[in-house]
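Working notes, structure below.
The values are calculated or read from the model by the stated rules, or taken from the named source; none is laboratory data. Note that this is a predicted model, so its numbers are computed, not measured. Don't worry about glycine lacking a Cβ; one is built from the backbone with ideal geometry, like all the others, and counts go over all protein chains shown. To get the accessible areas, we keep the full protein, side chains included, count just its heavy atoms, and leave off ligands, DNA and RNA. Shrake-Rupley method; radii C 1.70, N 1.55, O 1.52, S 1.80 Å.
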Amino acid sequence: MSKNKIIKGGFYLTIVNVLSQVLAIVVNIVLARLLLPEDFGLVALTMTYIGFITLFTNMGFGSSIIHEQSTTNKQLSSIYWLNYGLSIFSFIIIISTAKFAANFYDEPKLSAIVYVAALNILINPFYSIQYKLLERDLEFKTISKINLSGILIGSISAIIGAYYGLGVYALVIQPLVSSVVRMMLILVYKRWFPKFYFNIKEIKHMIWYSLKFKASQMSMYFERNIDYLILGKFFTSVILGYYAFAYNIMYTPVKRISYIFSEVLFPSFSSFKNDKVKIINGYFKSVNLVALVAIPAMTILAFNADLIIHLVFGQKWDGAIPIVRILCFAGAIQSISQFGGVIFSSIGKPEVTLYVSIGRTILTVLAIIIGVQYGVLWVAYFLVIAKALSYILFLLVLNYYIPFSIRQLFNSLQGPMVSLFSLSTIYVLFYLDYLNVNAWTLLLLMILVALTILYVFHKNTIVGILKVLKDKSK
């Protein structure tokens, strides 16, 4: 396993995900202006329902391929056909229960949207094994090109669809087109095709590992999506749309950041899975990199939500502003805890992620059940509390398997916490009229303070990143 290859892989994934994030922001702005809040609410409900069904009917074997490091062609072929069979089964279950979901949520449009969105389940198995082989071999440059192409073409398709009046289906088209593009490119870059061969005995141990990994994913899914499943029953599609909009503003950057680190850390951590010192040091360095950007960014967005949302998305999203203010702090916490589960998978204990996720899910469900009695804003408040308690739970479990010092944790979060405190102080002074500035000046002041603190606490990190960029440009 080449350390240089891991570093290069992280570089390519980082660059592409930064570009993808910028593209996602631009696309969300355009779609938010072309579509209605209820469209976003219906799509959120659709994707959550499809994801809920596939949790029980489908199984991803990619984790076992990466963890195994070495697999025969017969094993891969057996996994391919088993994976595709389960995908067909999932598709049948989803389309046959779509009307039930529409009746349960009292949304007549939901079943037709589910029919279209579920087509993605039949596309993904064509290339999922090949994609995981690229990941296992640390071909991140190739993966980066593929993902960026898929996101770009899918986004263009969604904008064209929204412009020509497709409404909610413009949001459904986006992942479908993206999957088709990724499939075509992956089949070009990774010329592996399955044999007509299937032997369950040869992949029994891989299935067992995947089951443990899938179980942890199931609980994580409930933790991250149980809110939509519950709120869709209690609130209208418009309110759900506001909530989904606010959640996406908070969660999309977190998801992108998590993707970079999970894609790089899982295969690289798996390569030295017996060296726990390297793993914990690598984890806290990753936490530091994520937190130095995510925490001040989420804080600035929370304190300037009125200005930013009015300017960027338009006044029809006013109803989402108070939710954005609150959920941004949940996003700040989630940004540093999102990819922690990769450690347990890397040391061959994905079931531990399951146990942690069950605890997190219980906290999330309690937050939603209590909050829904008082309204969507209280749901957001209690979710912030649940995220904080969830991260504490994760750290306790992590310390049990890989002991670390509080000093390591403090050092990784020192700069971001100073930034959070400083920005909060500025906002309180502004709110109490001790700081007599307009909204634009407040935003610029916060950005300047955040950048100054970033430089003071992370000068070496910034210099290192600039050096890497300089070397790559040569």
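Some notes on this structure:
- Long-range neighbours under 6 Å by Cβ, at least six apart or interchain, first residue farther than 19 Å from Leu420 by Cα within the range 300-315, second open to solvent by 30 Å² or more (accessible area, probe 1.4 Å) and of a type in the set (A, V, I, L, M, F, W, C): Leu307/Ala439; Val312/Ile29
- The range 366-392, residues that are part of a helix (DSSP H, G or I), farther than 21 Å from Ala294 by Cα and in contact (Cβ under 8 Å) with a residue 24 or more places away in the chain: Ile368, Ile369, Val376, Leu377, Val379
- Selection count, the range 295-304, where residues are open to solvent by less than 20 Å² (accessible area, probe 1.4 Å) and within 22 Å of the chain's Cα centre (by Cα): 5
- Scanning the range 105-130 for residues that are among the aromatic types (Phe, Trp, Tyr) and either in contact with a Lys or Arg (Cβ under 7 Å, 6 or more places away or on another chain) or buried (at least 22 other Cβ atoms within 10 Å of the Cβ) (or both) yields a count of 2.
- Cβ-Cβ contacts under 8 Å between residues 6 or more apart (or on different chains), taken from a first residue in the range 27-54 that is within 14 Å of Ile230 (Cα to Cα) to a second residue that is charged (D, E, K, R) and outside any helix (DSSP H, G or I), are listed as Leu42/Glu107; Leu42/Lys109; Leu45/Glu107.
- Enumeration of residues in the range 398-419 that are part of a helix (DSSP H, G or I) and either under 21 Å from Phe344 (Cβ atoms) or open to solvent by less than 50 Å² (accessible area, probe 1.4 Å) (or both): Leu398, Asn399, Tyr400, Tyr401, Ile406, Gln408, Leu409, Ser412, Leu413, Gly415, Pro416, Ser419
- Residue within the range 357-364 that is assigned to a helix (DSSP H, G or I), modelled with pLDDT of 85 or more and of a type in the set (A, V, I, L, M, F, W, C) present: yes
Results for (1) at pLDDT below 75; (2) open to solvent by less than 20 Å² (accessible area, probe 1.4 Å), shown as yes or no for each residue.
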| position | (1), (2) |
| --- | --- |
| Lys5 | yes, no |
| Ile15 | yes, no |
| Gln21 | yes, no |
| Ile29 | no, no |
| Leu34 | no, no |
| Leu45 | no, yes |
| Ile66 | yes, yes |
| Ser78 | no, yes |
| Ser96 | no, no |
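- The single condition from (1) over 22 Å from the mean Cα position of the chain (by Cα); (2) surrounded by 20 or more Cβ atoms within 10 Å (Cβ to Cβ) that Asp318 fails is (2).
- Close Cβ contacts (under 6 Å, 6 or more residues apart or on different chains) running from residues in the range 402-413 that are closer than 12 Å to Ile279 by Cβ to residues that are basic (Lys, Arg) and assigned to a helix (DSSP H, G or I) comprise Ile402/Lys276.
- Verdict on Ile347 being open to solvent by less than 40 Å² (accessible area, probe 1.4 Å), among the β-branched types (Val, Ile, Thr), in contact with a Ser or Thr (Cβ under 9 Å, 6 or more places away or on another chain) and more than 30 Å from Phe234 (Cα to Cα): yes
- Note on the range 420-447: residues that are of a type in the set (A, V, I, L, M, F, W, C), over 15 Å from Ile295 (Cβ atoms) and open to solvent by 80 Å² or more (accessible area, probe 1.4 Å) total 3.
- Only one of Leu327, Leu307, Leu292 that is over 23 Å from the mean Cα position of the chain (by Cα) and either closer than 24 Å to Thr452 by Cα or part of a helix (DSSP H, G or I) (or both): Leu307
- Taken together, Tyr163, Tyr169 contain a single residue that is farther than 15 Å from Ser77 by Cα and surrounded by fewer than 16 Cβ atoms within 10 Å (Cβ to Cβ), which is Tyr163.
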